[in-house]
1. Run A557 past the list (1) in a helix (DSSP H, G or I); (2) under 29 Å from I508 (Cβ atoms); (3) open to solvent by 50 Å² or more (accessible area, probe 1.4 Å) and report the number of the one that doesn't hold.
2. F205 versus (1) within 29 Å of K395 (Cα to Cα); (2) not in a helix (DSSP H, G or I): which is the lone unmet condition?
3. Within the stretch 540-597, can you find the residues that are in contact with a strand residue (DSSP E or B) (Cβ under 9 Å, 6 or more places away or on another chain), farther than 17 Å from G500 by Cα and of a type outside the set (G, A, S)?
4. So, in the stretch 507-547, how many residues would count as being among the basic types (K, R) and either under 15 Å from R583 (Cα atoms) or part of a strand (DSSP E or B) (or both)?
5. Does L106 count as within 19 Å of L81 (Cα to Cα), out of contact with any Ser or Thr (no Cβ under 9 Å at 6 or more places or on another chain), open to solvent by less than 50 Å² (accessible area, probe 1.4 Å) and in a strand (DSSP E or B)?
6. From P143, P147, P139, which residue is in contact (Cβ under 8 Å) with a residue 12 or more places away in the chain, assigned to a loop (DSSP other than H, G, I, E, B) and open to solvent by 10 Å² or more (accessible area, probe 1.4 Å)?
7. If I ask for residues that are more than 30 Å from D492 (Cα to Cα), out of contact with any Leu (no Cβ under 8 Å at 6 or more places or on another chain) and either of a type in the set (D, E, K, R) or at pLDDT 90 or above (or both), which ones from the stretch 537-569 would you list?
8. Scanning the stretch 150-187 for residues that are at pLDDT 80 or above and small (G, A, S), which turns out surrounded by the most Cβ atoms within 10 Å (Cβ to Cβ)?
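The values are calculated or read from the model by the stated rules, or taken from the named source; none is laboratory data. Bear in mind the structure is a predicted one, so any value in this text is a computation, not a measurement. Please note: Cβ atoms are built from the backbone with ideal geometry, for glycine as well, and neighbour counts cover all protein chains shown. What goes into the accessible areas is simple: the full protein's heavy atoms, side chains included, and nothing from ligands, DNA or RNA. Shrake-Rupley method; radii C 1.70, N 1.55, O 1.52, S 1.80 Å.
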Amino acid sequence: MVQIILKMAACSLFLVSALIPAIAGGAEPSDRVVLSAFSGGLTVESRYLYVTDPGGELNIRDVSGDKNPGWILGEGYPLFLGVTDDVVWIRMAVRAGPDSPSNWVLTIDWPFFDILDMYLHDPVSDHWDTGVASHKDLPYAFPFLCPAGEGRTIYLRLHASSIALIPLKLWDAAAFRDMGRYRLLLLGMFFGILGVMCCYNLSLFLFTKDDGYAYYCVYVVSIILYALGMTGVGPAYLWGESLWIKTHSYGLFSSFSFLMATLFIRRFLSLKKVGGWLLHLSTVAAVFWIWMTFLYALSNARWLVRIEDVGAVASCFIGLATAIILWNRGSISAKYLTIAWTLLIIATFVLMMGLTGVIPYTPIVQYSQNLGFIVEVVLLSIALAERINRERAEKEAAQEMSVELHRQASESRKRELLAQAKVLEMERATKDELKRTVEVRTRELRETLTALEAANEVLDHLSRTDSLTQVANRRHFDAVLKTEFRRSSRQDLPLSVLLGDIDHFKAINDTHGHPAGDECLQMVASVWKARMARAGDLVARYGGEEFAAILPATGAADAVTIAERIRRAVGQISHTHNGEQIRFTISIGVAVLAREGADDIANLLERADDALYRAKEKGRNKVVLFELEAG
């Protein structure tokens, strides 16, 4: 039962049809319209019977002969079988009264049948007629003859392309014609109202450029599509007997309507600004209906109807809950939406009670939901118009506030200008004095900075230089060695290190005194500095009587040559101190950065020290190259 409620709620069998029965004869059976037994007219001799044909294998002979196919007594009006693939056969016996007309019409006010055949049997003459449906007047109408005093047996063979809902009505021909005229008139009025609503809001969209009105117009267009399908106007005057539209329109139009309703509510209530879980629920609903519309365009599978039913329940709940929550937060637009949807739900509930037999299924009950739907459309249109007025009023109020703030700002600006004029002279008077003071301070600062830079240069030199020998000290030697080591490793260049030690230097100090030793250190340092060929070479006092040199991009042979020059030059030094001749020699170890394998600074210095040790062992006054093969 939920399926028919949802589909009736979505597709909205509209207000026009609700008024027709009342105009054509009222809600109760009269002398013109026969819904059941009626004296003086066409009498239904027995309640209708129906049987389902799962395989569609039964024919008219099977259901009209002596063989009983399993007829079931019909309960309630209309006959509702839900979503089914079965073919349905219906049988009813009617008899015309002695004074009744002969021309009658059987109508089925449900447009979604892909099989609909009528057979008429005269039990007296055993004559059979085949009824031809006319959908120019209703979704389906079968004219037939039943002269006064005679009876006929009516057989119907039906198969619904979506939900099987079978609302049967019997009319005499005159009442049917009257109903048709009123129906066409009111249909014109109904679609005219929808058109006016659409055009009015379209003009608002073109004027205001607010896309909320565009969403409303598309929503109304989707309603018009429903109306065309549900009232029979579409198959009668637009798409005719197109099988694809007939089998797909039910789900396609309903899903598209839910999609447009979701998008309209999303924009109408400004859910993007609201954010949070309300926006997320709206997004989920929109994505669901996009997929359902796409799937219905490709298929009309029965399982889609069941999935759509669940989505329809959830979407209605989400929409109404969102509107109520935002109304509670003070949204005027949500108030209109809540009222409109509440009325539509009440009307749908009345329809549900009629379908379930709680109340009689009269024409007013059958189309009660249509009035709720029209009220919804009108209220939403009023809400959109109200929003224009509200936004215009807010804009005007904002403009007035802006003008007032501008006036206040102008007055404040004038007062500020007057105050600025008073202090301007004071600023001008102090500006020159400040300028002179700044110039004096700038000159003093410049002189101070120059002196500081010179002092820094001296300090930097002192921090890097051994005070006695005026060559680099050990700290600067270590820093430069790290830099050259990385460069040589990165560029695959040779790097040599010389490590020298004055032979028997302790004896010089002990014999001639430390001042003599210091003078010897100074002369040795001068020799080392003089033998450095390039600007990148570095000489340093390594410690005590030890000296070291860094020779970037220098191989073993060149390093040994330089070391030999240093050794010979030191050996030629003849220093006189306090009348005493002092001569001395130096031993030098040479190490070169390994070109293959892993190497580091510690290994390089260790090899240079080992080579120096070997020079001492060989009798001093020697240059020894550390050979890796020997290591």
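1. For A557, the exception is condition (2).
2. (2)
3. P552, T554, H575, T576, Q581, I582, L593
4. Step one: filter the stretch 507-547 for residues among the basic types (K, R), giving 529, 531, 534, 541.
Add one more test, that the residue is either under 15 Å from R583 (Cα atoms) or part of a strand (DSSP E or B) (or both), and what stays is 541.
Residues flagged as among the basic types (K, R) and either under 15 Å from R583 (Cα atoms) or part of a strand (DSSP E or B) (or both) within the stretch 507-547 amount to 1.
5. Working: within 19 Å of L81 (Cα to Cα): no; out of contact with any Ser or Thr (no Cβ under 9 Å at 6 or more places or on another chain): yes; open to solvent by less than 50 Å² (accessible area, probe 1.4 Å): yes; in a strand (DSSP E or B): yes.
No.
6. Values: P143 fails: assigned to a loop (DSSP other than H, G, I, E, B); P139 fails: open to solvent by 10 Å² or more (accessible area, probe 1.4 Å).
Selected residue: P147, the only one of P143, P147, P139 that is in contact (Cβ under 8 Å) with a residue 12 or more places away in the chain, assigned to a loop (DSSP other than H, G, I, E, B) and open to solvent by 10 Å² or more (accessible area, probe 1.4 Å).
7. R568, A569
8. Among those that are at pLDDT 80 or above and small (G, A, S), it is A160.
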